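These notes are about the structure you will find just below.
The values are calculated or read from the model by the stated rules, or taken from the named source; none is laboratory data. Not measured: the values here are computed from a predicted model. We place every Cβ from the backbone using ideal geometry, glycine too, and count neighbours over all the protein chains shown.
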2 protein chains.
Amino acid sequence: MALYVQKYGGTSVGSVERIQQVADKVKSFRDQGHYIVVVVSAMSGETNRLIGMANEMQDKPSPREMDVLVSTGEQVTIALLCMALTARECPARSYTGGQVKIHTDSSHTKARIQNIDVDNMRNDLDKGRVVVVAGFQGVDDNGNITTLGRGGSDTTGVALAAALKADECQIYTDVDGVYTTDPRVVDNAQRLKEITFEEMLEMASLGSKVLQIRAVEFAGKYGVPLRVLHSFKEGPGTLITIESENTMEQPIISGIAFNRDEAKLTITGVPDVPGVASKILCPISDANVEVDMILQNVSAEGLTDFTFTVHRNDYGLALDTLKHVAVNLNATGAIGSDNIAKVSIVGVGMRSHAGVASRMFDSLAKENINIQMISTSEIKVSVVIDEKYLELAVRALHSTFEMDKPQTVEE
Amino acid sequence: MALYVQKYGGTSVGSVERIQQVADKVKSFRDQGHYIVVVVSAMSGETNRLIGMANEMQDKPSPREMDVLVSTGEQVTIALLCMALTARECPARSYTGGQVKIHTDSSHTKARIQNIDVDNMRNDLDKGRVVVVAGFQGVDDNGNITTLGRGGSDTTGVALAAALKADECQIYTDVDGVYTTDPRVVDNAQRLKEITFEEMLEMASLGSKVLQIRAVEFAGKYGVPLRVLHSFKEGPGTLITIESENTMEQPIISGIAFNRDEAKLTITGVPDVPGVASKILCPISDANVEVDMILQNVSAEGLTDFTFTVHRNDYGLALDTLKHVAVNLNATGAIGSDNIAKVSIVGVGMRSHAGVASRMFDSLAKENINIQMISTSEIKVSVVIDEKYLELAVRALHSTFEMDKPQTVEE
């Protein structure tokens, strides 16, 4: 008898038939005696349909009214799922975010959860009902409908699990778990049985987008065990949890993330004086361009090179901006490249194993892949390489760190 | 400077373009300095789409969940209309039924309004905002979403007008007012400038379905002036109001209603003893058939004939039931006809004018139309005739009561 919060995304509830399949699945869990709270998204396509109409109404639709509009998407799903459950003689009760209540601040379209009333849900669970909650939405102190921003249903699931002290928050998706790397690149990529919150955050932000980063952060903060599973295939999925105390059993590297969405810019021959970094980066940020990796080389003869990466879509804008900066700072030039890729190895095992980075560099050198940038954190090493070597690099690293073997951690 | 509650139905907000037209219209009223509260329905087709999905989920969908589902329809419209208004630099704020709050009982799918909080709306109006409210929906004491049943948006409009003590509740539709009779039958049918609540109720229940009966009753009860207008054509429409004190200016007959949806049944030679009427009608009502007109002839030799009308769809069921009743009561027989029509003249002027009924019968006699049944109330006379004479009868009466002339009441 466990309490599970199960979140089903837009694709999992994308049609009448899919919602019925979800109802079958939820009922089977309840029939095993578990307490179930279900969080659902809008049926896939619905949110975009609504946003499309909004954009026809107003250039920049009012955020308050946008929330009133798009929150109807999940409201439709909760009602339909409850009907499907009731039709299966599984008592169920739906709640909008405002009905739960999920209290948020008043930042429409990107509100943050402040607290959650659990009394109604507990009361329903005690009566044997499945509780079905609209994801992605809440209510502010003045009764205004708010939304948490796209993908916010994962956050709702985790927040409910934390508030209800659930045994597990299960995120049902269209993948059967988190893999050592993208199976489209490496044939024998392995499903991970477990991964830590920190590793998951590094994997997610590096481009392995299975879960919303915000939900993982939230789960980590409140210690909510999070499991990624496939909505319609059986299997244990991947458990995202706190770091195991027995790190001996942890693999050194859990996964390899990669990202083709970046571009690299360098301003060369900048006078190396205090404050120069902010003089370079402030105009970039003023142009609304987000910066990812930042490297500054050791100064030579009072001049330094300064390199950073941005999203590839922002490359042109960033380069134009940087050229102006170069003139203003009397730098020798501004150059860049948008045919780069970032490859990262991620693993908490790095903490207790020396030489991980050099094994990575060695592996790439053997394949004659030149490393253009390096950046490291406690549990990851990222390199920027020429985009054309991306697949080769990922496969080489996957093999070097022996990630091809099925994991031995107990299910 | 007046306070108007304006209600726009599903067809009036049936597309993005239509909603934009409504926004233009609402803004023009506000620009004249009026305070405006708008009540909207779901975009036409949306409620049926939602109900269709519900029926796929469950044979008889849970009423509570049905309300959660269909109430999203109006919620979409309020948000879109507010965006369209804001885009026109007309400040606006949307409210769901639960946000207003419109308090109802807990009879899901057919809830009744208990009271309405006006503070938020007043506050918005004072700030120069147009208030946009979702029709058809409310909230019960436990925070459950309720709906008022189909057509309930008219009721919402009237209830808000009553609560806010509005100067007028304007119902925008796809007709430009209430006519003396159906213009498809009588070419020179005239738009009425005014009609009383009582007349409107008789007209509506007799088949001239412009407004929901419930909304008219509600408006009459609280003395809310109600005006029916065309959503997209200019014109004063028809004002539905309390009876003018100067009845001299009232036309004798305001309108002619008719109805082809009925069938007539007669049980003949029934022993005329106390309680026989209920012995006849109880089995009919037990079969879930609603009865409209009821006539009992004077008894001859202790036997009487008993005639009533039912909806034509129920004719077969009612006749079968009546045949059993006839056997049980030792009546001589049960007969009926489903090719009848009901024609009614309606007008508060009848009260002060004698001989209205005989003028009606005389007019029909001149056309050789046989009257099969007669029923009267204080402000109407209804006759049942052979269906094939319907158009002839309506035209004759329209001319007899001089309804072909444009009305002279001041606009």
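Some notes on this structure:
- Looking only at region B:68-94, and only at residues there that are hydroxyl-bearing (Ser, Thr, Tyr) and more than 7 Å from every other protein chain (Cβ to nearest Cβ), the one that is farthest from residue B:24 (Cα to Cα): B:71
Condition check ((1) surrounded by fewer than 16 Cβ atoms within 10 Å (Cβ to Cβ); (2) more than 30 Å from residue B:270 (Cα to Cα)) across all residues:
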{"residue": "B:339", "(1), (2)": "yes, no"}
{"residue": "B:351", "(1), (2)": "yes, yes"}
{"residue": "B:357", "(1), (2)": "yes, no"}
{"residue": "B:368", "(1), (2)": "yes, yes"}
{"residue": "B:375", "(1), (2)": "no, no"}
{"residue": "B:398", "(1), (2)": "no, yes"}
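- Which listed residue, of A:119, A:182, A:124, A:141, is free of Cβ contacts under 8 Å to residues at least 24 places away in the same chain, more than 18 Å from residue A:226 (Cα to Cα) and acidic (Asp, Glu): A:119
- Flag for residue B:13 being more than 9 Å from chain A (Cβ to nearest Cβ) and either at pLDDT 95 or above or over 19 Å from residue B:169 (Cα atoms) (or both): yes
- Residue check for residue A:374: part of a loop (DSSP other than H, G, I, E, B) and over 17 Å from residue A:190 (Cβ atoms): no
- Subset of region B:7-17 [out of contact with any helix residue (DSSP H, G or I) (no Cβ under 7 Å at 6 or more places or on another chain) and touching a residue at least 12 places away in the same chain (Cβ under 8 Å)]: B:10, B:11, B:14, B:15
- Residues that are within 14 Å of chain A (Cβ to nearest Cβ) and either surrounded by 24 or more Cβ atoms within 10 Å (Cβ to Cβ) or within 23 Å of residue B:35 (Cα to Cα) (or both), drawn from region B:104-126: B:117, B:119, B:120, B:121, B:123, B:124
- Cβ separations smaller than 8 Å between residues 6+ apart or across chains give the following pairs from region B:357-368 residues that are in the same structural domain as residue B:252 (by TED's automatic domain parsing) and aliphatic (A, V, I, L, M) to residues that are in a helix (DSSP H, G or I) and modelled with pLDDT of 95 or more: B:360/B:397; B:364/B:393; B:364/B:396; B:364/B:397.
- Inclusion of residue B:189 among residues that are in a loop (DSSP other than H, G, I, E, B) and either within 30 Å of residue B:100 (Cβ to Cβ) or at pLDDT 90 or above (or both) is warranted.
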